[in-house]
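K.L.:
I have a structure I would like to understand better, so I am pasting it below and will then ask my questions one at a time.
The values are calculated or read from the model by the stated rules, or taken from the named source; none is laboratory data. The structure displayed is predicted, hence computed values, not measured ones. In this analysis, Cβ positions are derived from the backbone assuming ideal geometry, glycine residues included, and neighbour counts consider all displayed protein chains.
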Amino acid sequence: MKDKLNFNKIVFISHKASEAIEKPDSTITHCMVGDIVENITHAIPTESEETPVIATIFVHESEYASVRDTISIFKQWNFLYGFSVFIEDSSVNNPLVQKEDIFYIWTEKLKPIEFRFAVLNTFAALQRLFNREMSSNEYLARLMDMKQDQDNLIKIGRNLSIEKNSDKLLRLILKMSKTITGADAGSIYIIESNENDTRQIRFKYSHTFSKELPLEEFVLPFDRSSISGYVACTGITLNIPDVYELSADDPIAFNDSFDKQNNYRSCSMLVIPMKNHTDEIIGVIQLINSKKNDTPQKSTGNEAFEIILETSEDFRSKVFPFAKRYEGLMESVAGQAAIALENTRLFNQIQNQFEEFVKASVNAIESRDPATSGHSFRVAEICKRMALYIHNSHIHPWAETEYSPTQLKELEYAALLHDFGKVYVELAIFRKDKKLFPEEFENLVLKLDFLYRSIELQYRIQQNEILIARNSGEKDQQQTRMEKIDNEMTSMLNRVKEIKLTLTTLNEPTPLEEDPSDLVGHIHHEISTLTCCDISGKTMSILTDREIENLSIRRGSLNREERLEIENHVVHTYNFVKRIPWPKEFKNIPEIAWMHHEKLDGTGYPRGVTESKIPVGAQIMAIADIYDALTASDRPYKKALSHERAMQILQSEADLNKISMPLLEVFKDAGITNKNLEITEWV
Ligand SMILES: [Fe+2]
Ligand SMILES: [Fe+2]
């Protein structure tokens, strides 16, 4: 970088003016005599030329106005001129005396020493003028740079705070760092602990503008042997003008193996520690080869993105040391980046904790009841596939509906936890496959057996009494009585057997043609007429009220109370899930899980709300839940239905406006069947 500017100095002399000069001074180079305008036009530099041209123009007073008017259109930062004018009218009233661009006036033939004096004086004045203008321009440019730096920092802070993906965040940090400093290449290193709890530096991400270079992560020891390691250990920002000019006395050494392998030439380097809010160094940003010339007047701001470094001449002439101001600026950027990275780490950690928590909760539900194992996972999988289908659909009514990855996660979590409330419900109720619990039915059978034996005993006693009184009466009469008792007993005992069979049938959940309560009522009435006493002589009731109620169930195996308890699982789910401090993007999880048994026509539970009050996620889940309940082969009280039969049932539910017809179409169009659900269960 050129801190001090040189000047190209040119003297122009018109023919007419040359007549008023004794003899041009041979020590003055670039002295051009002739057509002033033509000569000047050729000598004016282009705007991008670095060396400014200052010109002294010797003219006759009669030429001054036209020359000035012609060349004044060439006003540019790197071209300044001043006139020396020969005047014949030397009176003070001559208006030329007042002109600002006339630096020297002479009235008689100019001697060589006077000519030299005029030239040098004009050049000196022009140089002062140039420097004054430059410094005010530079000041303005610096102000603009500061403003741009501030804008950049605000923009960076905003962008960094939005990005939650660590890899994307690293790319973003590097991209912004390169944009600000005009660096051709850059790398990001992250400090981490290995399995032995030893700190190391991981080369995480790198990008070179001029070259497509291979990128592979590697680790460096956490020590001062590398430049990034030095910055990571000390927290000192390094701004090295040329890494190849580091001396043996410097505390750092440059390893040129990367340059050699990739035919690259690292020159200037800016290496900044990434410090978090507690000043802990969590990484390092390394920027290589600034292509921004920090001379404000020269910088267009975008040149770094147009310059490709290929030849050694490119590396020599187009690479500059990193401007001093980038040190502070990049320290601010690195600080923001470190905090953003920490936030992202924390965010991911919280997400992982939620993931672990959901995983543990689902495993708790699944392991509690092996009979329904896998239900939560299958429902979650179906929900995800339906939502993804909707997201990708360009067809009405889903063309405008999108599911972001976060929304998909929200639905997945809600589906995984939708039946969590079942852990609060007595397991026996879920496993109840007959109207009476097994021990209840066993007890009933024992009572019937007891009744059977009691009846038999009563008749046998009667027969014994006849036998004891054998000698005291008519034999024929006795025989007749014996036979009658025998017949009555057989009939009664057969009836008890029949009752036992009927009650066994009634205990099954399969619906009967006859109303089961009529049958049970009739049996109860019949049995009540029979006397059956326990060993204390107390009359026993064979059918209890609970047995009568349960055996009278028309459909399924559950009585009203048990059904309500099972239905209450959604309330338990809601109360449990609601207490979890979900991040705001998951705020709908409790409601979605709560409403998976609601029906569009308001006949569902627990609230009986209608379509407009049921979130789409819950409507999706309702279909997934019913489908899996129908097709799963693990329900104790019913056999698994085929996909086709399940679809018929779902269709009739949709026809009755219980579930959403458009969502059922999504289910069908997404091609979901119980055969193609690839469920990876968490373990
Ligand atoms: Fe449920
Ligand atoms: Fe369920």
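K.L.:
Does the stretch 157-179 include one or more residues that are part of a strand (DSSP E or B), within 29 Å of Leu309 (Cα to Cα) and touching a residue at least 60 places away in the same chain (Cβ under 8 Å)?
P.N.:
Restricting attention to the stretch 157-179, the residues satisfying the condition of being part of a strand (DSSP E or B) are none.
No - not one qualifying residue is present in the stretch 157-179.
K.L.:
Inspect the stretch 190-198 for any residue being without any contact (Cβ under 8 Å) to a residue 40 or more places away in the chain, in a strand (DSSP E or B), surrounded by fewer than 18 Cβ atoms within 10 Å (Cβ to Cβ) and not assigned by TED's automatic domain parsing to the domain that holds Val33 and give the result as yes or no.
P.N.:
First, pick out the residues of the stretch 190-198 that are without any contact (Cβ under 8 Å) to a residue 40 or more places away in the chain: 192-198.
The next check asks that each one be in a strand (DSSP E or B); those that pass are 192-193.
This time we only want the ones that are surrounded by fewer than 18 Cβ atoms within 10 Å (Cβ to Cβ), so: 192-193.
If we keep only those that are not assigned by TED's automatic domain parsing to the domain that holds Val33 too, we end up with 192-193.
Within the stretch 190-198 (the criterion being without any contact (Cβ under 8 Å) to a residue 40 or more places away in the chain, in a strand (DSSP E or B), surrounded by fewer than 18 Cβ atoms within 10 Å (Cβ to Cβ) and not assigned by TED's automatic domain parsing to the domain that holds Val33), the answer is yes, since at least one residue qualifies.
K.L.:
When you look at Phe74, is it at pLDDT 85 or above and either surrounded by 11 or more Cβ atoms within 10 Å (Cβ to Cβ) or hydroxyl-bearing (Ser, Thr, Tyr) (or both), yes or no?
P.N.:
Numbers: at pLDDT 85 or above: no; either surrounded by 11 or more Cβ atoms within 10 Å (Cβ to Cβ) or hydroxyl-bearing (Ser, Thr, Tyr) (or both): yes.
No: the conditions fail for Phe74.
K.L.:
Out of (1) over 23 Å from Glu585 (Cα atoms); (2) within 14 Å of ligand 1 (Cβ to nearest atom); (3) out of contact with any Phe, Trp or Tyr (no Cβ under 6 Å at 6 or more places or on another chain), what's the single condition that is false for Ile365?
P.N.:
(3)
K.L.:
In this structure, does Glu474 turn out to be more than 16 Å from ligand 1 (Cβ to nearest atom) and outside the structural domain of Thr544 (by TED's automatic domain parsing)? Working first, answer last.
P.N.:
Numbers: more than 16 Å from ligand 1 (Cβ to nearest atom): yes; outside the structural domain of Thr544 (by TED's automatic domain parsing): no.
Taking the combined requirement at face value, the residue does not satisfy it.
K.L.:
Considering the stretch 413-431 alone, what residues qualify as being more than 14 Å from ligand 2 (Cβ to nearest atom) and surrounded by fewer than 19 Cβ atoms within 10 Å (Cβ to Cβ)?
P.N.:
As a first pass, look at the stretch 413-431 and keep what is more than 14 Å from ligand 2 (Cβ to nearest atom): 413, 424, 426-429, 431.
Residues satisfying the conditions are Tyr424, Glu426, Leu427, Ala428, Ile429, Arg431.
K.L.:
Within the stretch 482-493, is there a residue that is modelled with pLDDT under 90 and either outside the structural domain of Ile535 (by TED's automatic domain parsing) or of a type in the set (Gly, Ala, Ser) (or both)?
P.N.:
no
K.L.:
Assuming Val570 fulfils every condition listed in (1) within 22 Å of Val362 (Cα to Cα); (2) more than 15 Å from ligand 2 (Cβ to nearest atom) apart from one, which condition is it?
P.N.:
All conditions pass for Val570, except number (2).
K.L.:
Among the residues of the stretch 392-409, are any within 15 Å of ligand 1 (Cβ to nearest atom), at pLDDT below 95, crowded, with 19+ Cβ neighbours inside 10 Å and at negative phi? If you could, list the steps in order and put the result at the bottom.
P.N.:
Residues of the stretch 392-409 that are within 15 Å of ligand 1 (Cβ to nearest atom), as a first pass: none.
Within the stretch 392-409, not a single residue is within 15 Å of ligand 1 (Cβ to nearest atom), at pLDDT below 95, crowded, with 19+ Cβ neighbours inside 10 Å and at negative phi.
K.L.:
Still on this model: Return yes or no: is Arg560 among the charged types (D, E, K, R), under 30 Å from Ile523 (Cα atoms) and either more than 16 Å from ligand 2 (Cβ to nearest atom) or touching a helix residue (DSSP H, G or I) at 6+ places or on another chain (Cβ under 8 Å) (or both)?
P.N.:
Working: among the charged types (D, E, K, R): yes; under 30 Å from Ile523 (Cα atoms): yes; either more than 16 Å from ligand 2 (Cβ to nearest atom) or touching a helix residue (DSSP H, G or I) at 6+ places or on another chain (Cβ under 8 Å) (or both): yes.
When the stated conditions are applied, Arg560 passes them.
K.L.:
Quick test for you: out of Lys359, Lys432, pick the one residue that is under 30 Å from Lys639 (Cβ atoms), modelled with pLDDT under 90 and over 17 Å from the mean Cα position of the chain (by Cα). It would help to see each step written out before you state the result.
P.N.:
Values: Lys359 fails: under 30 Å from Lys639 (Cβ atoms).
The match here is Lys432.
K.L.:
List pairs: first residue in the stretch 119-145 and modelled with pLDDT of 70 or more, second residue surrounded by 12 or more Cβ atoms within 10 Å (Cβ to Cβ) and among the small types (Gly, Ala, Ser) anywhere in the structure, Cβ distance under 6 angstrom, at least six positions apart or on different chains.
P.N.:
Thr122/Gly82; Leu126/Gly82
K.L.:
Show the residue pairs that are 6+ apart or on different chains and have beta-carbon atoms under 7 Å apart, the first residue being within the stretch 410-437 and of a type in the set (Val, Ile, Thr), the second being away from ligand 2 (no atom under 16 Å from the Cβ) and at pLDDT below 90.
P.N.:
none
K.L.:
Which residues, counting only those in the stretch 550-577, are more than 24 Å from Thr603 (Cβ to Cβ) and either away from ligand 1 (no atom under 16 Å from the Cβ) or at pLDDT below 90 (or both)?
P.N.:
Asn550, Leu551
K.L.:
Name, by its number, the condition in (1) modelled with pLDDT of 85 or more; (2) closer than 29 Å to Ser552 by Cβ; (3) loosely packed, with under 11 Cβ neighbours inside 10 Å that does not hold for Asn443.
P.N.:
Of everything listed in (1) modelled with pLDDT of 85 or more; (2) closer than 29 Å to Ser552 by Cβ; (3) loosely packed, with under 11 Cβ neighbours inside 10 Å, Asn443 misses just condition (3).
K.L.:
May I ask you to say which residue of Ile672, Ile626 is touching a Leu at 6+ places or on another chain (Cβ under 7 Å) and either under 18 Å from Met386 (Cβ atoms) or assigned to a helix (DSSP H, G or I) (or both)? Give the steps one after another, and end with the answer.
P.N.:
Details: Ile672 fails: touching a Leu at 6+ places or on another chain (Cβ under 7 Å).
The conditions single out Ile626.
K.L.:
Which one of these does Ala593 not meet: (1) over 30 Å from Ser642 (Cβ atoms); (2) within 16 Å of ligand 2 (Cβ to nearest atom)?
P.N.:
Going through (1) over 30 Å from Ser642 (Cβ atoms); (2) within 16 Å of ligand 2 (Cβ to nearest atom) one by one, Ala593 breaks only (1).
K.L.:
Among (1) modelled with pLDDT of 95 or more; (2) within 16 Å of ligand 2 (Cβ to nearest atom); (3) within 25 Å of Ile429 (Cα to Cα); (4) surrounded by fewer than 19 Cβ atoms within 10 Å (Cβ to Cβ), where does Ser633 come up short?
P.N.:
For Ser633, the failing item is (1).
K.L.:
Can you say whether Ala387 is touching a residue at least 12 places away in the same chain (Cβ under 8 Å) and of a type in the set (Gly, Ala, Ser), as far as the supplied structure shows?
P.N.:
yes
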